[in-house]
Amino acid sequence: MIKRKLLIFFLLLVCSIQAQETTWIINTSKSLITYSGKHTLHEWEGSNQKLYGRALLNNTSLVFNKLAILAYVRDFDSKNSGRDAHSLEVLEALSFPEIKFYSESFELIKDSLLINGVFEFHGKKLNKQIMSSIVSGKNEILLNGTFNLIPSDFGISLPAFMLVKMKDLLEIRYSIVLAKESSS
Amino acid sequence: MIRFLVFFVLFLTLSSTFSQEEDIFGSLRSEAEIDTSLLPDRMIFTQRLLWGEKGLMRKMKISPLTIEQRESELKIRRKMLKIHQVIGYATLVGMVAQGFIGSQLYNGNYKLYETHKLVGNLTSISYFTGAGLSLFAPPPLVNKKIKGLNSIKAHKYLATIHFSAMVTTNFLANKNKKIHRIAAYTAVGSFATAIIVFKF
């Protein structure tokens, strides 16, 4: 009898924990991620305005429980068709079409959110710590920030121009708007 | 019982974490507009002839249109365009040298005629090899239409000019010295500019 009660209690506990979450969805039309690349001779930028993502917010602590972001390498646009085509070759876009970020570890520090997650790019997963500014509204949450990625860490061979390779660094800027979906 | 519960909790937590992550990404993928096309909508006629959906490489089943095959085609393309780049620099050196030798000939220094002919032939071989590598390389994955002028568009426009100029220069080498000279200078000027404007 005690065992059964314990099991029921446990199941209720699991259900109640899940019920405390609210789902927030990335508003694709308002969100943007931009990379900046550098070469000895010039600099350039490319943006992706097709971001897909979900965040699960803990209704009690008002901190995220989970955050998942998905982007496709084909959706980056640097306003130069040759460069974009070349990027897709370098990034082996047919084999590794996605860029993913997933986190379950968040720490609210004043107006900023420290996010510890896993970045998956070019088929390789790396742990990444990102400090993001956060502005929370009733129906919208805005995440803004910058971070760096080192392409060679993801096994990407750097493209060269005039026999000189590009700098092994991508500066990433993002502005992500999450909109409340529904309470569960 | 307690041991079983602890194990159960641990198992449930780990499996739900993994499955939740996959579930979330699965639902995101279903919402996404994914472009899975293997060939670009637009490509140069020489590329279409070889690598298009009904191109020779497909019809002869040398390179069937599959993801794996396109991935290796893109690697071939990258190598071809790298060689195109290097050959381009070598061609420019040849063109500049030829411009110098050619101007000596016009000033009456006919001792350099054979050298002019040799350098001219070598530069032409190098030029048309480089052009071939670009024209017959497998097409890129995408070829977006972008408004306004940018480096790649300028590179392509200038390529049309220097290609025509190079054909004219070679065709008129022994027929019309004046136009041969004008065509040669047009080729050098547009070729050098095409290299300068190009950014990757």
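Derivation of every value follows stated rules applied to the coordinates shown; laboratory data play no part. All values reported here derive from a predicted model rather than from experimental measurement. Cβ atoms come from the backbone with ideal geometry, glycine included; neighbour counts cover every protein chain shown.
Things worth noting here:
- Ranking B:Ala173, B:Leu141, B:Ile125 by Cα position along the charge dipole of segment B:81-197, where only Lys, Arg, Asp and Glu carry charges on their C-beta atoms, puts B:Leu141 farthest toward the positive end.
- Take every pair of alpha-carbon atoms less than 8 Å apart whose residues are at least six positions apart; their mean separation over the length of chain B yields a relative contact order of 23 percent.
- Residue among B:Val188, A:Val90, A:Ala68 farthest towards the positive dipole end of the protein assembly as shown, charges placed on Cβ: B:Val188
- Note on segment A:21-183: along the principal axes its Cα atoms extend 56, 27, 26 Å, ordered by decreasing extent.
- Here the simple spin-label model places points 7 Å from the Cα toward Cβ, and for B:Val167 and A:Thr60 these points are separated by 7.7 nm.
- For the protein assembly as shown, the C-alpha radius of gyration sits at 1.36 times the compact-globule guess of 2.2 N^0.38 Å, with N the residue count.
- Reachable lysines from B:Lys145, criterion Cα separation under 21 angstrom, eight or more residues apart if same chain: A:Lys50, A:Lys79, B:Lys153, B:Lys156, B:Lys199
- The dipole here belongs to the protein assembly as shown: it is taken about the Cα centre, uses +1 on the Cβ of Lys and Arg and -1 on the Cβ of Asp and Glu, and is about 1340 debye.
- Eligible lysines near A:Lys110 by straight Cα distance, threshold 19 Å, same-chain separation 8 or greater: A:Lys138
- Each Lys and Arg adds +1 at its Cβ and each Asp and Glu adds -1 at its Cβ; summed about the Cα centre, segment B:81-197 shows a dipole of about 360 debye.
- Cα gyration tensor, segment A:57-125 - rounded (a/c under 1.5), prolate or oblate: prolate
- Those lysines that a straight Cα-Cα span of less than 28 Å connects to B:Lys175, excepting residues fewer than 8 apart in one chain: B:Lys111, B:Lys117
- Charged side chains reduced to their Cβ positions (Lys and Arg at +1, Asp and Glu at -1) give segment A:46-145 a dipole of some 120 debye around its Cα centre.
- Normalised by 2.2 N^0.38 Å, where N is the number of residues, the alpha-carbon radius of gyration of chain B equals 1.65.
- Think of segment A:40-184 as having a plus end and a minus end, set by charges on the Cβ of Lys, Arg, Asp and Glu; of A:Asn139, A:Val177, A:Leu114, A:Asn139 sits farthest toward the positive end of this dipole.
- Measuring nothing but how far apart in sequence close Cα pairs (under 8 Å, 6+ apart) lie, relative to its length, chain A scores a relative contact order of 24 percent.
- For segment B:81-197, the fraction of alpha-carbon pairs lying more than 20 Å apart is 43 percent, rounded to a whole number.
- Spin-label pair B:Asn176/B:Ser103, simplified geometry with 7 Å Cα→Cβ offset, distance in nm: 2.4
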